[in-house]
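Trainee: Dumping the structure here so I can ask a few things about it.
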Amino acid sequence: MKSKFITGILTSSTLIVLLPLVAFAHVIVTPNQAGIGQELTFNVSVPNERDTVVTNLKLVIPSGVTDIVPTTKDGWTITTTSNGSSSDPEVTSIVWSNGTIPVGQRQDFSFSAQVPGTTTTLDWKAYQTYGDGTIVHWDQTPTGSDDSVGNAGPYSVTKVINDLTSSTTSGSSPNTTLGIVLSIVALVISVSSLFIRRKKR
């Protein structure tokens, strides 16, 4: 009985250790949070989870994300598609092709962009193609479990927040600053009063 109990504990511990590995075993776009209207560089982490090379990645650009500029990547061809409905067309996807990610390895791709000027959630849907023609669709709504089912899995998410509001709630509000100033003034007055009393004696 004791042996079974110990075995159960070890099995549970092993599963707990492996959970973070499962959670990150798919196409991930970072950062997962950005300030409204921020211009930044996004990183796309792409692992090879099968027994053949990865040859192609397509990332769909969420609506409202502008000024897309992919970073050059040795060994890969980079193309973009756009809606073409105006003189300043909006990029709708980036494709990295004609390269390889070996079995058991991963690669990072990146691009710069500007996020929307209002709070929103950016859903990064991606399509990963393997050498045997299999396409894994990372376009399923996240449900709390990051496991892929068959050739489909959850997409990555970036939350666009009002960073000014965020910094206020984190403890740098005007009321907090005023409180610190008043505390310093009170301390100075107390020390001065003590000094004056001692001098009178």
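Trainee: Report the residue count in the stretch 50-92 for those that are within 21 Å of SER156 (Cα to Cα), in contact (Cβ under 8 Å) with a residue 40 or more places away in the chain and part of a loop (DSSP other than H, G, I, E, B).
Mentor: Going through the stretch 50-92 one residue at a time, the tally reaches 6.
Trainee: Which condition does SER145 not pass, out of (1) part of a loop (DSSP other than H, G, I, E, B); (2) of a type in the set (Gly, Ala, Ser); (3) modelled with pLDDT of 65 or more, if it passes all the others?
Mentor: (3)
Trainee: Can you tell which of THR79, THR66 is closer than 29 Å to ILE161 by Cα and not acidic (Asp, Glu)?
Mentor: THR66
Trainee: Can you find a residue in the stretch 44-53 that is out of contact with any Leu (no Cβ under 9 Å at 6 or more places or on another chain), surrounded by 10 or more Cβ atoms within 10 Å (Cβ to Cβ), over 25 Å from THR134 (Cα atoms) and modelled with pLDDT of 95 or more?
Mentor: No, the stretch 44-53 has no match at all.
Trainee: What number of residues within the stretch 93-124 satisfy the criterion of being touching a residue at least 40 places away in the same chain (Cβ under 8 Å) and closer than 21 Å to GLY37 by Cα?
Mentor: The number of residues fulfilling the criteria is 14.
Trainee: For the stretch 24-41: of the residues being of a type outside the set (A, V, I, L, M) and farther than 24 Å from PRO102 by Cβ, which is farthest from the chain's Cα centre (by Cα)?
Mentor: Filtering first and then ranking leaves GLY37.
The values are calculated or read from the model by the stated rules, or taken from the named source; none is laboratory data. Every value quoted in this text rests on a predicted model; they were computed, and no experiment measured them. So basically every Cβ, Gly included, is an ideal-geometry build from the backbone, and we count neighbours across all protein chains shown.
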